[in-house]
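Some notes on the structure that comes next.
The values are calculated or read from the model by the stated rules, or taken from the named source; none is laboratory data. Everything quoted here is computed from the prediction, not taken from an experiment. Note that each Cβ is placed from the backbone with ideal geometry, even for glycine, and that neighbours are counted across all protein chains shown. Side chains are part of the model used for accessible areas, which takes the heavy atoms of the whole protein and leaves out ligands, DNA and RNA. Shrake-Rupley method; radii C 1.70, N 1.55, O 1.52, S 1.80 Å.
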Amino acid sequence: MSTATTHDEHHEHGPATGLMRWVTTTNHKDIGTLYLWLSFIMLLTGGAMAMVIRAELFQPGLQLVDPNFFNSMTTMHGLIMVFGAIMPAFVGLANWLIPMMIGAPDMALPRMNNWSFWILPFAFTMLASTLFMEGGAPAFGWTFYAPLSTTFAPDTTDFFIFAVHLMGISSVMGAINVIATILNMRAPGMTLMKMPLFVWTWLITAYLLIAVMPVLAGAVTMMLTDRHFGTSFFDAAGGGDPVMFQHIFWFFGHPEVYIMILPAFGIISAIIPTFARKPLFGYSSMVYASASIAILSFMVWAHHMFTTGMPVAGELYFMYATIMIAVPTGVKIFNWVATMWRGSMTFETPMLWALGFVVMFTIGGFSGLMLGVAPVDTQYHDTYFVVAHFHYVLVTGALYSIIAAFYYWVPKWTGNMYDEKLGKIHFWWSTISVNVLFFPQHFIGLAGMPRRIPDYALQFAEFNMISSIGGFAFGLAQVFFLYIVVKTIKGGEKATDKVWEGATGLEFEELPSPAPYHSFDEAPAVK
Amino acid sequence: MISSRLLRRFFAPVLAFLSFISMSSAHADYELNMTQGVTPISHQIYDLHMIVLWICVIIGIGVFGAMAYSIMKHRKSKGAVAAEFHESTTVEIIWTLVPLAILIAIAVPATATLIDLEDTSEADINIQVNGIQWKWRYNYIDEGVEFISALAESSRTNGQSGVADPTGNENYLLEVDKPIVVPVKKKIRFLFTSDDVIHAWWVPELAVKQDAVPGFINDSWAYIEEPGVYRGQCAELCGKDHGFMPIVVNAVSEQEYQEWLVAMKAEAAAVAASADKEFSMEELVAKGESVYAANCAACHGPTGAGVPPVFPAITGSSVATGDISDHIDIIMNGKTGTAMQAFKTQISDVDIASVVTFQRNSLGNTVGDMVQPSKIKSLR
Amino acid sequence: MIAIEKDQQEEVLRIILTPNRSISWPLLVKFYLFTCGVSFSIAMLFAFLGYWMVIPFSGLEMMVLGGGLYVTCRKVYRQEVISVDNDHIKLEKGCISVDESWQFDRHWARISIEEIKNFRKTSSLKIGSHGNFVEVGSFLNESEKETLAFELNQSIISSDFLRRVG
Amino acid sequence: MSDIKSSHTTQPRKSVSAKQVFKLFMVPVLMFGFGFALVPLYDVFCEITGLNGKTGRVEASVVNQKEVDSSRLVKVKFLANSGNGLPWNFEPVIQEMEVHPGQIYEAMYRVSSKSDKNTVGQAVPSVSPVQASVHFNKTECFCFSKQELAARETRDMPLRFVINHDLPKDIVELTLSYTFFNIEQTKS
């Protein structure tokens, strides 16, 4: 009944070779790798800037840089970490993992995927080149409040605006790709409520990105027209309103911070059940909590602006809405603890990072709750307390989850186990130093040190020095991480197909390690 | 409420050790907690801060305790076998509703405090505060007393660049040339606005932090209970010298306040009178040099070289070597859309006349003309 | 997914193969319109405050989103139709319209299943005759391919094919 | 999902029609176009609602003098600032007034140019507390248009305003501040 024919060729072709492979690739794994490397380079670049900041703040007095350059450093550090390190890392993880997790052959729009990556190196080159231009790099903080960023800004601001546009375009294309992939390309049987939480949180994240990116694009374009084309959107002299800039910025910016934490929730929800050898507690409540965090994120933006002189009614509303976010976030934390409860836990490196995430993200959440209480925010606002808060959320939150994800999935990506001993050293080194770095900043903030100042009064000296020491140690730990990454890629103990004893999900159960270049040309059946 | 002493006792050994190994040159006067402040509002805010902090600590102990217990007991190496449960509607409802109740409990006192904080009506004294890059202008509206307050030179060993050694300078970066003086036990209303970018006026002990937005006014208030010197800083990034625009509030008795007002008015009259005097070129250039150092050198550089293109050079500039009336105009009224401020509201007629003369006849410029303070006075 | 239609007038058996569609077109349209609504409401909010420049960007973005969803939806809406009548087997591949088609003599037609040497041990199902074979249902999964092979064998080999249609 | 589905329906491809795709494409196109149609609309909208903390403008004839709330007095303080780059002295003639909500009052500002040339400025109002701004209306104001001053001219500029009778009861004092900006220089 069957007749032998010429051998089939199309399932087995691997990547092309040479540099052009990376330029022209449309493979989700290649693009994921590119994104992850870009974000690592950006992490080290932004980290180097943080080192400049911490070195200047090591002692009172101006030692190393002049105040304007210091402001450029805080600005560039913020922009590079947000748009260059954290977001591309999550997009890279999405590229690698979403098709494998939902049983799709690739991302839905492979060519657009390639463009959305290759825009980024240009955007960041342009942004970084302003450092060497006449007038200096933008020095108005990553929040670029008008009129400091319009009427009073250096000419390089135009490059900054263009760079932000490019980053926005890239993010939007990435988000559209994720949405199209998740909606259209799930394997048979992969219903929405069976999707891994990482896929869910990315779907919600992508939706948030799509909703807010036009706002950012509009804001920077209005800055541009204010600067050059005689409009007065943010210029009081022409009837505009500088405070409205902040409203617009934070309408984008607040969902943006959830964009940077929601995929982290997904990662942690994958890792903890694996190492507790117990299914995730409250899967559906996790999904609903993520969705409600996303919805609430649109309604709380002005809690960044309690001191701008809003009407009392507005302040009350934003205070109530803000502290409400603690409920769904709390549900997530409780669910993770309940997942561990009566599990059978082991503590491999990914689990350590995930546990570090849960503890320190919770600390960041607590200070977030404190900041949400409007009258007290009068004292916290724009101090190091805020700096401590968002670094607990973004470094020990978002960045920790990314590092956890690396250790968790790298055996699947490369087929090699990372060095467990080095991974553990990396974790403890980072965790101790990151707390030495950021915990004292709570105290400096409460004691009254404003943020974004290059020099400070003497009563802040001790804690700043401690914080700087922690900063240098933490920075060094990430250089060590680079070594671990390279070592793992080059070789190491071979990983099993399932990698972890308790691992679940298509990528572990249906694919070998390393995952083949084309994973699911043919959809797997999901039970 | 537990004071910061407990925290301090806990951290003191750690700190002592770290200070020891780091051979810190700066001296220790550190704080661990928010100031209680000296106004009724600042006390309320402090209490609220402590309530929320302790709620967080208690929840934290619960969550981290459960986590720690489970990490200790439910580990595979101790032979733990994973349970199967993965949901419980009851538990999930409880841990949604309990936090909700706690949040409502926080919201009630927070609402009360916020409403008090925003009630600026029926003030005894009104002070308008204008933020200027990088100083503050205070205007006692009802008294007609107006002056500029900037970082005192003594408080800034080297504010621009190079090596600074603040050791031993007790109020490093926190001292101003002219503090504002206010009476205790009076309701003081502050009205904030800005001449250029957004600044924020913050004095922690007064629990006042309010943005100064160009073109808009905001207000806030303070009722100071104890006399004293209260220091603060600008809290909103406002450009290069954002870190160098401190605030000093000198709270005194009503009587001392009245005496101060009289003295301020007399001083203003004396400055105005001095404008009618005739000065020689040498006198003006000599005086102009110090005015330049205090007001212009921050941007245009001590030698007049500037930082082009943002801060143009004075040496050889078309303004400083061109028509003198344009030169005066730009110094008095500033230049819209740049960091160049209107100095007529900041420095006296004599100072303007001398700095104009200085800039035209020094820093490499040799125009040879001069302007008398009386001319400046006529331009006000 | 495999769907079988029997056309009694023309005495044709039609097997329609489609890849898995994880979302239906009407649902996708609803999702898209909802997203447009969200994006547009946000843009309108700012427009009414005087900051209308958000609108063109949200319009552009929705165009790209619509395009992206449409392109992906086309991909999963591709179809392969195998029509079997007394003498012929016709294979048509396409999306909205037929893009490619092949015709084989039913009596000479054969199907072949061969294992592909990859990690999941998937197989490739082909139909054709005289050394001219075309792959069908590459998007189907293993159990679907087995069913398809069985059905095709039935249709091709079984002489009581017409009775089956009846 | 490997089961066979027998169906006698027509082929499912018909659900994607070119017409529907075209219609859907028009949605974002219209959104895009609407952005440009809004340019003239938005000024009007802001004027009416008094959003952005700016004060409103009403016609004198519209103000219903019968709605005067003589039972309470609201204290109004006047402030004046002149922004960078404008050689003007600008001050309120009267520092403060006590007014009944609903009644029209007149206040006076004085501006004098110290320049030897003609200068043009635009005044921008702001009211504190913010929630009072929507209740503060002007029937006549120097801020409605730009002001051009001849060399060394001094001018008294009237301001006729009314505080709506529906001003919240808890506001007993408000501050009106004007800032004059040099708009010529900004736009150059």
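A few comments on the model shown:
- Where B:118, C:5 fall by accessible area, highest first, once all protein chains stay in place (1.4 Å): B:118, C:5
- Virtual spin-label span in nm between residue B:185 and residue D:75, 7 Å along Cα→Cβ: 2.0
- Where labels lie 7 Å past Cα in the beta-carbon direction, separation of residue A:26 and residue B:253 in nm: 8.6
- Carbon/sulfur fraction of accessible area - the range B:277-379, other protein chains in place, 1.4 Å, %: 60
- Rg ratio (alpha-carbon, reference 2.2 N^0.38 Å) - chain C: 1.47
- Given R0 = 51 Å, the distance between the Cβ atoms of residue A:193 and residue D:67 translates into a calculated FRET efficiency of 0.30.
- Counting, for every residue in D:121-132, the Cβ atoms of other protein chains within 10 Å of its Cβ and taking the mean gives 6.
- In range of the label at residue D:120: residues from the range A:237-256 whose backbone nitrogen is under 14 Å from the point 7 Å along Cα→Cβ: A:238
- When DSSP beta bridges are restricted to pairs lying wholly in chain B, around 75% turn out antiparallel.
- Interface residues of the range B:116-130, defined as a loss of at least 50 Å² in heavy-atom accessible area between the chain alone and the complex of all protein chains with a 1.4 Å probe, are B:118.
- For the residues of B:94-100, the average number of beta carbons from a partner chain within 10 Å of their own beta carbon is 5.
- Near-label residues of the range C:1-39 by backbone N, under 17 Å of a point 7 Å along Cα→Cβ of residue C:147: C:1-6, C:14-22
- Within the full protein context, the accessible area of residue B:267 is estimated at about 90 Å² for a probe radius of 1.4 Å.
- Förster-model FRET efficiency, 22 Å R0, residue A:111 and residue D:22, C-beta, rounded to 0.05: 0.40
- Surface listing: A:186, A:111, C:21 arranged by accessible area from highest to lowest gives A:111, C:21, A:186, probe 1.4 Å.
- Only Lys, Arg (+1) and Asp, Glu (-1) charged, at Cβ; the protein assembly as shown dipole about Cα centre in debye: 3120
- Using a probe of 1.4 angstrom and keeping all protein chains present, the accessible surface of the range B:125-273 works out to 30 square angstrom per residue.
- Taking the longest Cα principal axis of chain A as reference, the axis of helix A:197-228 is set at about 40 degrees.
- Bridge type composition, the range B:125-273 - antiparallel percent by DSSP, nearest 5: 70
- Shape category assigned to the range B:54-163 from the gyration tensor of Cα positions, a/c cut at 1.5: oblate
- Shape parameters for the protein assembly as shown, alpha-carbon atoms, Rg then Dmax in Å: 34.9, 125
- The alpha carbons of the range B:33-118 give a radius of gyration and a Dmax of 19.4, 59 Å, in that order.
- Rg in Å to one decimal, and Dmax rounded to a whole Å, for chain B via C-alpha atoms: 27.7, 96
- Note, ³J(HN,Hα) from phi for the range A:460-470, Karplus 6.51, -1.76, 1.60, rounded to Hz, x at Gly and Pro: 8, 4, 4, 5, 5, 5, 4, 4, 5, 4, x
- C-alpha center-to-center spacing [the range A:39-117, the range D:94-122] in angstrom: 52
- Rolling a 1.4 Å probe over the protein heavy atoms leaves residue A:241 with an accessible area of roughly 10 Å².
- Distance from the Cα centroid of the range B:41-82 to that of the range A:364-419 is 17 Å (rounded to whole angstrom).
- Reduction of at least 40 Å² in accessible surface, 1.4 Å probe, comparing all protein chains with the chain by itself, residues of the range C:52-68: C:52, C:53, C:54, C:55, C:56, C:57, C:61, C:63, C:64, C:65
- Buried area at the A-B interface (accessible, heavy atoms, 1.4 Å probe, summed, Å²): 8800
- The range A:307-323-the range A:473-503 distance, computed between alpha-carbon centres (Å): 46
- By the compact-protein rule of thumb, 2.2 N^0.38 Å, the alpha-carbon radius of gyration of the range A:255-335 corresponds to a ratio of 1.31.
- Taking only alpha carbon atoms, the range D:53-185 gives an Rg to Rh ratio of 1.00, where Rh is the Kirkwood radius.
- Take the Cα of residue A:158, step 7 Å toward its Cβ, do the same at residue A:493, and the gap between the two points is 5.8 nm.
- Over chain A, the fraction of Cα-Cα pairs per 10 Å bin, rounded to whole percents and listed from the shortest bin up, is 4, 18, 29, 28, 14, 5, 1, 0, 0.
- In the range B:125-273, inverting the average of 1/r over every pair of distinct C-alpha atoms gives 15.8 Å as the Kirkwood radius.
- Projected onto their three principal axes, the Cα atoms of the range A:332-466 cover extents of 52, 30, 23 Å, largest first.
- Sequence-distant residues sharing a close amide H with residue A:234 (under 5 Å, placed H): A:241
- Cα long-axis angle, helix C:142-157 against chain C (0 to 90 degrees, to the nearest 10): 40
- Going by accessible surface with a 1.4 Å probe and the largest first, A:312, D:29 read D:29, A:312.
- Test item: A:217-224 mean partner chain Cβ contacts at 10 Å: 5
- Looking at the range B:33-118, the accessible area is 49 square angstrom per residue; that uses a 1.4 Å probe and ignores ligands, DNA and RNA.
- For the protein assembly as shown, share of DSSP beta bridges that run antiparallel, in % to the nearest 5: 80
- Helical mean residue ellipticity (222 nm; -39500 (n - 2.57) per DSSP H run of 4+; nearest 500) of chain C: -13500 deg cm²/dmol
- For a straight C-alpha distance cut-off of 25 angstrom, the lysines reachable from residue B:187 (same-chain residues fewer than eight places away being disregarded) are B:135, B:178, B:209, B:265, D:75, D:77, D:169.
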